[in-house]
Amino acid sequence: MFRIVFFFFCFYYFSSGLAQQIPFGSKFPGFTKTLNDTVFVVGDLIRAPEIHYDFNSYRIDETNDSIRKLVSFFEKNPQLIVEIIVHTDSRGSAEPNQKLSLARANAIVAEIIKSDRILSQRFFPVGKGESDPIFRDDFIYTWDFLAEESEAYHAYNRRTEIKIVGVLLEPFATRDNVYARYTKTLQDTIFVVGDLILAPEIVFDFSRSSVRPESFNSVKEIIGFLIRNPNLIIEIVVHSDCRGSDEYNQKLSLRRASSLVDIILQNESDTIFSERILPVGKGEQDLLYSCDYIETIKGDSAKQEQLHHANLRVEIKITGFLGKNFYHNKLETSRIENQSSSRESAYYEDLVFMADKALLEGNYLKALELYESAVSIGPPNDSYPSEQVKKIKEILEPNR
């Protein structure tokens, strides 16, 4: 019956020219596309499948198949950025209806993004309440004598729309794409400045900088990476989640980065030294998942914790390379320093020997001069020449 009445009404409305006596709301529903289409432009409007809620609630009926259809649509069209617009009918007051419609829009988005292939950044929930009906009250109430038709008009006003507000040239279809920033892995061997690597999971004690024992194997992987690539200069970048203050998280992440670098430097490799590794604390400046996004799934505490945990990560950033002759030059410098040290050691021993000889011969002034020279170049833990200097001065004092 409703379809017959609606057909004759539309025929009369458009053929009579009575456009000023509009029984519709602010606009006739200009749905330009359906869920079956594949080509879209900004401004396209789609009527979503009917979604059932508990009475006067935003809780979605779990037996309803509409959410599944929406998830399928957004997985197949990862390029779309949309508004999810929910309308109510005019029964009830305007303000509660507006709040209810926004709550329902948020509930729909929360259900859709439970899919691991859909990111929340693609959605903007909008609650219209009763502000934009398809059929105005003054028209609906003329059909009060036909209860079925009157209810049908109310039901038509209660609708969900999908409005295309953006079309991405390079869609971010999955949460895996969040990790597209990582250009290399620890197994790679060729790098350029700017390459970013997601380190194996490093777990720190709660609100502390100490690395937990279960993460030591991950630290060993980083050490192995540095040994295999001895010419790399890197940053160890530690991130926090967004729980806690910005300042606290910034300081904590830097302490954790410094602690991790200290552990790495404790290894016995000659190719790992502090000049190659800079600790960096990012705090919550560069989250993989924003707190706003995590808040949209507050009904799923396990998934929220999973995303917070993903934000708590360690990255390795390639910032430079040592020269190709660096280690040769370093070894040569070390050899020269060792030779110099050896020569000084031999000279020191010669000075002590000659000083002892002069002392035995009774030549105190010469012995004093030689012992003092030995003190100036000798190892600090050898007190013998300084003690001899003190004794000779005591002998010579009465003669001064």
Would you point out the residue of segment 369-400, among those that are of a type outside the set (D, E, K, R) and over 22 Å from Ala346 (Cβ atoms), that is surrounded by the most Cβ atoms within 10 Å (Cβ to Cβ)?
Ile392
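For segment 214-324, give me every one of the strands (runs of 3 or more DSSP E) that falls completely inside it and has 2 or more residues that are exposed (fewer than 14 other Cβ atoms within 10 Å of the Cβ), of a type outside the set (Phe, Trp, Tyr) and within 23 Å of the chain's Cα centre (by Cα). Even if it seems obvious, please write down each step before you answer.
On the way: elements: 232-239, 277-283, 314-321.
Counting at least 2 such residues, we get no strands (runs of 3 or more DSSP E) at all.
Taking the condition of being in contact with a helix residue (DSSP H, G or I) (Cβ under 7 Å, 6 or more places away or on another chain) and at pLDDT 90 or above, how many residues in segment 261-271 meet it?
Going through segment 261-271 one residue at a time, the tally reaches 3.
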Looking only at segment 44-65, filter to residues that are at pLDDT 90 or above and either touching a helix residue (DSSP H, G or I) at 6+ places or on another chain (Cβ under 8 Å) or part of a helix (DSSP H, G or I) (or both); which one of those is surrounded by the most Cβ atoms within 10 Å (Cβ to Cβ)?
Ala48
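The values are calculated or read from the model by the stated rules, or taken from the named source; none is laboratory data. Please read all numbers here as calculations on a predicted model, not as lab measurements. Cβ atoms come from the backbone with ideal geometry, glycine included; neighbour counts cover every protein chain shown.
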